[in-house]
Amino acid sequence: MKDLSLMTWKEIKEVDKAKSIVLAVMAPIEEHGWHLPLATDLLEGNFWSKGAMEIIEKESDIQCYYLPTFPIAAASVNEFYGSIHFTMSTTCDVAFGLMESLYCMGFTNIILIASHADPQHQIAVEKAVRKINKKHGLCAFAPMGQIFMGVGLKKPLELEVFEKEHSNDFHAGWVETSSLLAMDNNYVREVYSGMPDSEITDRDMISRKKQLAAMGKYGFLGAPRYASHEFGVQLNENCIASIADAVIKFYKRDGYQKYEHYFLYKILPLHIGFFSTFGRVRRKKGVK
């Protein structure tokens, strides 16, 4: 795998585009409780992408390229201290501009890894992918929305059982805490093990006010205390393998369709953020 940004334009021009893919990560800098860094989603996207590229290059003749991460994303809850969010329209425009730039370099296998599960971000990215594919033919793909929805390779039974027992873990709970523990336990502050659970239903996640109320003073939704290194290894390996599976299928243009379109995209009220009246980012000044 090679970092596209460290190559010269002439070197890029000489790349065999028909046997190449480019992966780019788009995720926010945002709060993740008292125990995880602001870059959590970016760290996950980079880790999963590079793991997937290792599998892809090992199992095929595909040459993988990647770009520095783009810390640009939309989110339904903007005002929590420490978060840097953008509107859905801005996120969509940046995603489209990024992919069209790569297309103009000759790449026709462009993979956008949107490693931030918020529906507003996934819908903005999906809209950009649909727009560029409509303009240039099938050249771009964003599988993370569907992978976050549970589409992908089968998880270990132990993990599936635990997820059912401790569901509704939406943000900086045991899932993300486990993921970062397995990447590098220095990312995780020890306070996670003593955090109280923050409970919210998937239905109430639609409400920004209910999300903020559930986040309280801590800034997470779920139960970080259940996190473990072992679960993190299983979660990361499953996500990496699912991304690799999706990308190889897209490259071959065979069987990728289950990853292709974000399931919640069809829920029209979730698109309301594209209207300027409703789509503004609510930033709140912190107390010194």
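The values are calculated or read from the model by the stated rules, or taken from the named source; none is laboratory data. Because the structure is predicted, anything quoted here is derived from the model rather than measured. So basically every Cβ, Gly included, is an ideal-geometry build from the backbone, and we count neighbours across all protein chains shown.
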For this session: Can you tell me which residue within the stretch 191-209, out of those that are without any contact (Cβ under 8 Å) to a residue 40 or more places away in the chain and charged (D, E, K, R), is farthest from Glu230 (Cα to Cα)?
Result: Lys209
Seminar exercise, completed: If we keep only residues of the stretch 53-70 that are touching an Asp or Glu at 6+ places or on another chain (Cβ under 9 Å) and not aliphatic (A, V, I, L, M), then the residue farthest from Phe170 (Cα to Cα) is Gln63
For this session: Among the candidates Ala182, Ala214, single out the residue that is in a helix (DSSP H, G or I), buried (at least 19 other Cβ atoms within 10 Å of the Cβ), out of contact with any Cys (no Cβ under 6 Å at 6 or more places or on another chain) and without any contact (Cβ under 8 Å) to a residue 40 or more places away in the chain.
Result: Ala214
Exercise. Are any residues in the stretch 1-51 in contact with an Asp or Glu (Cβ under 7 Å, 6 or more places away or on another chain) and not charged (D, E, K, R), and if so, which ones?
Worked result: Met1, Ala27, Pro28, His32, Leu36, Leu38, Thr40
Exercise. Does at least one position in the stretch 31-49 carry a residue that is modelled with pLDDT of 95 or more, in contact with a helix residue (DSSP H, G or I) (Cβ under 9 Å, 6 or more places away or on another chain) and either farther than 30 Å from Gly194 by Cα or surrounded by fewer than 15 Cβ atoms within 10 Å (Cβ to Cβ) (or both)?
Worked result: yes
Seminar exercise, completed: Here the qualifying pairs (Cβ atoms under 8 Å; residues six or more apart or on different chains; first in the stretch 158-170 and more than 16 Å from Leu221 (Cα to Cα); second crowded, with 18+ Cβ neighbours inside 10 Å and among the hydrophobic types (A, V, I, L, M, F, W, C)) come out as Leu159/Phe231; Leu159/Leu235; Phe162/Phe231
Problem set entry | Selection count where residues are of a type in the set (Ser, Thr, Tyr) and farther than 24 Å from Val175 by Cα, scope the stretch 223-264 | 2
Exercise. Are any of the residues in the stretch 12-27 part of a loop (DSSP other than H, G, I, E, B), buried (at least 19 other Cβ atoms within 10 Å of the Cβ) and touching a helix residue (DSSP H, G or I) at 6+ places or on another chain (Cβ under 6 Å)?
Worked result: yes
